[in-house]
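**Q** Mind looking over this structure? Questions follow.
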Amino acid sequence: MGKLILCAGRIANKPYCFPMTKTRVYSIEEVCYYIRNNIYIMQEEVFDKEFAEWIRNELGMEETADKLDRMREDHNNLKDIVVTLCCSCDYYTEDEINRLIVIMDQTHDVPLRGRQKIKADTCLKNGSLEKARREYERILKSPDMLNAESEEYAKVYYNLGVAAAGMGEYRRASRAFQKAYEYDQMQKALESCLYCLKLGGLQEEYEKMIKEMGVTTEQLTFLDAQYEEALRQSADNKECRMVRRIRRMKEQSDEAYHQLASEMILGWKAEYRKNMLS
């Protein structure tokens, strides 16, 4: 599951494998954790007769299994099923369960690819860049995207580019931005594509892209000015000022620079873990 989970109930001898993601779970707590982390792609069909039998036979939760059987027969919606499962143990608080209910209410009529994009966008907004990148790539491979319009493709590719650029993967980001531009001719996608090539030091590819995309001299002048302004602003941010301060302290043989450098590196490590591993 990727996370240490304290299980108070029975541990199954035989795991249940969720069909959509091929994830195996061994306890009701892991079921709840899985639900929360996949709430955007959950469907009623996931909790079929086989799942209820697993709950009954492997976890010994007969009452919960009976409820699931009745819900399936009565065609209850996903929200009722999720609440029943999450309330069957103490893994989540009432507030956390209520937040899941809000998400299900908000996405009830949204197609699967739309729910997947909401999840990916949330990861991107929260700084979980690696997770966001994986989600966007999963969306693009999804059969449901065959029903998508060009504008939808463009938005997914653009956000994939944002996630990749945030991780410093400039070539991958530039390709995603290029695809976004090809689908919807978004000017910001073209600009982002070229900026990533410049940031990655990919001069040959940069010049080739300018020709392929038919970038005019006026556009290029504007892009260069924007790029230089962005570099100027980034060089004046708090982190860059701190790096310059640490460098000066080192040059002046001020041993206090060790502590400041260590604190800064620890901060970068924490941010990396959040962006790449969360």
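The values are calculated or read from the model by the stated rules, or taken from the named source; none is laboratory data. All values reported here derive from a predicted model rather than from experimental measurement. All Cβ positions, glycine included, derive from the backbone under ideal geometry; neighbour counts span all protein chains shown. Surface areas here come from the heavy atoms of the whole protein model, side chains and all, with no ligands, DNA or RNA. Shrake-Rupley method; radii C 1.70, N 1.55, O 1.52, S 1.80 Å.
**Q** Among the residues of the stretch 139-155 satisfying the criterion of being charged (D, E, K, R) and modelled with pLDDT of 90 or more, which is farthest from the chain's Cα centre (by Cα)?
**A** Step by step, filter the stretch 139-155, then rank; the result is Glu149.
**Q** So Glu73 passes all but one of these: (1) open to solvent by 50 Å² or more (accessible area, probe 1.4 Å); (2) in contact with a Ser or Thr (Cβ under 6 Å, 6 or more places away or on another chain); (3) of a type outside the set (A, V, I, L, M). Which condition number does it fail?
**A** It is condition (2) that Glu73 fails.
**Q** Just checking, does the stretch 164-172 include any residue being over 22 Å from Gln226 (Cβ atoms) and either in contact with a Phe, Trp or Tyr (Cβ under 6 Å, 6 or more places away or on another chain) or open to solvent by less than 20 Å² (accessible area, probe 1.4 Å) (or both)?
**A** no
**Q** Anything in the stretch 54-65 that is part of a helix (DSSP H, G or I) and open to solvent by less than 60 Å² (accessible area, probe 1.4 Å)? List them, or say none.
**A** Those that are part of a helix (DSSP H, G or I) and open to solvent by less than 60 Å² (accessible area, probe 1.4 Å): Trp54, Ile55, Arg56, Thr64, Ala65.
**Q** Could you look through the stretch 79-112, keep only residues that are charged (D, E, K, R) and not in a helix (DSSP H, G or I), and pick out the one that is surrounded by the most Cβ atoms within 10 Å (Cβ to Cβ)?
**A** Asp90
**Q** I would also like to ask the following. Please identify the pairs in which a residue from the stretch 109-125 that is closer than 9 Å to Tyr40 by Cα has its Cβ atom under 7 Å from the Cβ atom of a residue that is outside any helix (DSSP H, G or I) and modelled with pLDDT of 85 or more, counting only partners at least 6 apart or on another chain.
**A** Gln116/Ser142
**Q** Exactly one condition in (1) open to solvent by 30 Å² or more (accessible area, probe 1.4 Å); (2) in contact (Cβ under 8 Å) with a residue 40 or more places away in the chain is not met by Ser150; state its number.
**A** Here Ser150 meets the rest and fails (2).
**Q** Still on this structure, please answer the following. In the list Ile265, Ile246, which residue meets the criterion of being of a type in the set (Val, Ile, Thr), crowded, with 16+ Cβ neighbours inside 10 Å and assigned to a helix (DSSP H, G or I)?
**A** Ile246
**Q** Read through the list (1) in contact with a Gly (Cβ under 8 Å, 6 or more places away or on another chain); (2) open to solvent by 60 Å² or more (accessible area, probe 1.4 Å); (3) not small (Gly, Ala, Ser), then give the number of the only condition that Leu129 fails.
**A** Of everything listed in (1) in contact with a Gly (Cβ under 8 Å, 6 or more places away or on another chain); (2) open to solvent by 60 Å² or more (accessible area, probe 1.4 Å); (3) not small (Gly, Ala, Ser), Leu129 misses just condition (2).
**Q** With the checklist (1) crowded, with 19+ Cβ neighbours inside 10 Å; (2) at pLDDT 85 or above in hand, flag the one item Arg115 doesn't pass.
**A** Here Arg115 clears every test but (2).
Table: residues versus (1) of a type in the set (A, V, I, L, M); (2) closer than 30 Å to Glu135 by Cβ.
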| position | (1), (2) |
| --- | --- |
| Phe177 | no, yes |
| Asp184 | no, yes |
| Ala189 | yes, yes |
| Cys193 | no, yes |
| Tyr206 | no, yes |
| Asp254 | no, no |
| Leu260 | yes, no |
| Leu266 | yes, yes |
| Ala270 | yes, yes |
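**Q** From the list Leu68, Leu100, Leu78, exactly one residue is in contact (Cβ under 8 Å) with a residue 40 or more places away in the chain and not basic (Lys, Arg). Which is it?
**A** Leu100
**Q** Could I ask something else about it? Checking Asn76 against (1) within 30 Å of Thr122 (Cβ to Cβ); (2) assigned to a helix (DSSP H, G or I), only one condition comes out false. Which one?
**A** Checking Asn76 against (1) within 30 Å of Thr122 (Cβ to Cβ); (2) assigned to a helix (DSSP H, G or I), the one that fails is (2).
**Q** While we're here: Looking only at the stretch 27-41, which residues are in a loop (DSSP other than H, G, I, E, B) and open to solvent by 10 Å² or more (accessible area, probe 1.4 Å)?
**A** Residue satisfying the conditions is Asn38 alone.
**Q** Name the single residue, out of those in the stretch 1-26 being in a loop (DSSP other than H, G, I, E, B) and modelled with pLDDT of 85 or more, that is surrounded by the fewest Cβ atoms within 10 Å (Cβ to Cβ).
**A** Within the stretch 1-26, the match that is surrounded by the fewest Cβ atoms within 10 Å (Cβ to Cβ) is Asn13.
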